[in-house]
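Q: So that we are looking at the same thing, I have put the structure below in structure tokens.
Since every read-out is calculated from the coordinates, none of them should be taken as a lab result. Since we're looking at a predicted model, the values are computed, not measured. Glycine also receives a Cβ, built like all others from the backbone with ideal geometry; neighbour counts cover every protein chain displayed.
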Ligand code: SAM
């Protein structure tokens, strides 16, 4: 039987007890029906995970002790950053969830020429918090120990200026090259840019090309934005990663 797993924003030190966040304690008590002495796994997003034992538990508080620490086993050696045109509501959640399951290293949500979603101020901050929650849940479920970063949504131009990966691909249905041939055989990382529901405009493509992005396509069919990134990530992981 697989042990329960939870994300904890906490340094993990063998032998050191700590209190679980209230929401995690309530979940372990009421939903998972855990008892003092039960074991579980926690991870703090840095790539390591810890075996913990419950030392005390009541309605609001739980204390656990770290009994062992190890590196996580579910990370891909190929680092993919998904630069994603912000999609509406549940579509964006699905993209974050599935791409996390497929091992994406980081997310950069962008506003582009044809973005249908406008977010600023408090709404943007709330949405970002929600997106990070989706990624945490996907890491818990998919046995990842590294938490992919989700950046605050910014303009396409600002996002391009902040990227550090040199291998850069635009998913564009009108490109000539196939995704599978797009990178050098020894590539260890890449950024994939996926347009929002309305696709990339000529202006967006100009911004991306000026930032050294190269167009690739995923076959002759037009995919929805929530399908395109996931398909490209799966193709690249199977070729360059794990
Ligand atoms: N009419 C839009 C167009 O032609 O760009 C369709 C946009 S599609 C719903 C949203 C995004 O998914 C596109 O901007 C692109 O990044 C990606 N995409 C969809 N199908 C694709 C394909 N066959 N090859 C590469 N990228 C694709």
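Q: Output the residues belonging to the stretch 157-174 that are within 12 Å of the ligand (Cβ to nearest atom) and outside any strand (DSSP E or B).
A: Scanning the stretch 157-174 gives 172, 173, 174.
Q: Can you tell me which condition residue 90 does not meet? The list is (1) out of contact with any strand residue (DSSP E or B) (no Cβ under 6 Å at 6 or more places or on another chain); (2) surrounded by fewer than 22 Cβ atoms within 10 Å (Cβ to Cβ); (3) within 24 Å of residue 164 (Cβ to Cβ), and all the others hold.
A: (3)
Q: Hey, another quick one. For the stretch 175-192, enumerate the residues that are within 10 Å of the ligand (Cβ to nearest atom) and within 28 Å of residue 93 (Cβ to Cβ).
A: Hits for the stretch 175-192 are 175, 179, 192.
Q: May I pose another question? Mind telling me which of the residues 123, 180, 132 ends up being touching a residue at least 24 places away in the same chain (Cβ under 8 Å) and either in a helix (DSSP H, G or I) or surrounded by fewer than 13 Cβ atoms within 10 Å (Cβ to Cβ) (or both)?
A: None of the others qualify; the one that does is 180.
Q: Within the stretch 49-62, does at least one residue satisfy the condition of being in contact with a helix residue (DSSP H, G or I) (Cβ under 9 Å, 6 or more places away or on another chain) and under 25 Å from residue 163 (Cβ atoms)?
A: no
Q: Something else now. For the stretch 193-230, give me each residue that is near the ligand (Cβ under 8 Å from one of its atoms) and assigned to a helix (DSSP H, G or I).
A: Scanning the stretch 193-230 gives 225, 227, 228, 229.
Q: Confirm whether residue 195 is in contact (Cβ under 8 Å) with a residue 60 or more places away in the chain, in contact with a helix residue (DSSP H, G or I) (Cβ under 9 Å, 6 or more places away or on another chain) and surrounded by 14 or more Cβ atoms within 10 Å (Cβ to Cβ).
A: When the stated conditions are applied, residue 195 passes them.
Q: Okay, moving on. Kindly indicate whether residue 141 is touching a residue at least 12 places away in the same chain (Cβ under 8 Å), assigned to a helix (DSSP H, G or I), away from the ligand (no atom under 16 Å from the Cβ) and surrounded by fewer than 17 Cβ atoms within 10 Å (Cβ to Cβ).
A: Considered against the rule, which asks whether it is touching a residue at least 12 places away in the same chain (Cβ under 8 Å), assigned to a helix (DSSP H, G or I), away from the ligand (no atom under 16 Å from the Cβ) and surrounded by fewer than 17 Cβ atoms within 10 Å (Cβ to Cβ), residue 141 comes out as yes.
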